[in-house]
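Here is the structure we will look at, set down as structure tokens.
Computed from the coordinates by the stated procedures, all read-outs in this text should not be read as laboratory data. Because the structure is a prediction, the values reported are computed rather than measured. Neighbour counts are summed over all protein chains in view; Cβ atoms, including those assigned to glycine, are modelled from backbone coordinates with ideal geometry.
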């Protein structure tokens, strides 16, 4: 099984629970409808990677997200996550009313920084994503339609969380194509304090 690092120790998530369409400006940039209830989907453990790979046969888009690590049913750790998406394929699947797994749950489609224990106020959290030194995405708790605790409770209404499972909270506007050689720097802040970050060079 694939692992992530939480306070320097390896943790093996059984799954990654994700929410789509959680920032209004991102919904608008993809010309989607505002959902009436949270859009929840799953990535398997096999999607986890510590490297970003560009698409060879099909373009892949990056989506930076505040990500939580679940322990004892609570939001205990926080890190930066990238939900990698085969956008054109996703659009074709949506047009036919088909599931998204081929576009969202493929191998190496979930890339994470280290996770750190967070005991502060979740409402203080925000994220930045820089590519080649330029800020391309930013957002936080205040811009989310569904807050992390709401997402967790909604998901728990039909699925159980194991210790170490991850919860991705959606992406703000600014998504785009993953290109080989690009340098990524994702940061998580509590107010103005940097609490964790991750950096990658796209393969």
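To check you understand DSSP bridge types, tell me what percent of the beta bridges within the chain (both residues inside) are antiparallel, rounded to 5.
Working: 50 of 56 bridges.
Counting DSSP beta bridges with both partners in the chain, the antiparallel share is about 90 percent.
Using alpha-carbon positions, what is the distance between the centroids of segment 52-80 and segment 146-203, in Å?
Each part reduced to its Cα centre gives a spacing of 4 Å.
Based on Cα positions only, what radius of gyration and what Dmax would you give for segment 86-128, in angstroms?
16.0, 43
Can you pull the Rg over Rh of segment 50-89, Cα-only, Kirkwood?
1.14
If each residue's Cβ is checked for other Cβ atoms within 10 Å, how do 37, 58 rank with the fewest at the top?
Lowest count first: 37, 58.
Which whole-number percent gives the relative contact order of the chain, counting Cα pairs below 8 Å spaced six or more residues apart?
Once normalised by length, the contact order is 31 percent.
Run the helix sum for the chain: -39,500 (n - 2.57) per DSSP H stretch of 4+ residues, divided by residue count, reported at 222 nm to the nearest 500 deg cm²/dmol.
Details: 4 runs with 28 residues, N = 203.
Estimated from H runs of four or more residues: -3500 deg cm²/dmol.
Working only with C-alpha atoms, what are the Rg and Dmax values of the chain, expressed in angstrom?
15.4, 44
Can you put 171, 85 in order of Cβ neighbours within 10 angstrom, beginning with the fewest?
The fewest-first ordering by Cβ neighbours comes to 85, 171.
Rank these for me by crowding, 61, 53, going from fewest to most other beta carbons within 10 Å.
The order, fewest Cβ neighbours first, is 53, 61.
For segment 99-172, just the Cα atoms, rotate onto the principal axes and tell me the three extents in Å, largest first.
40, 34, 24
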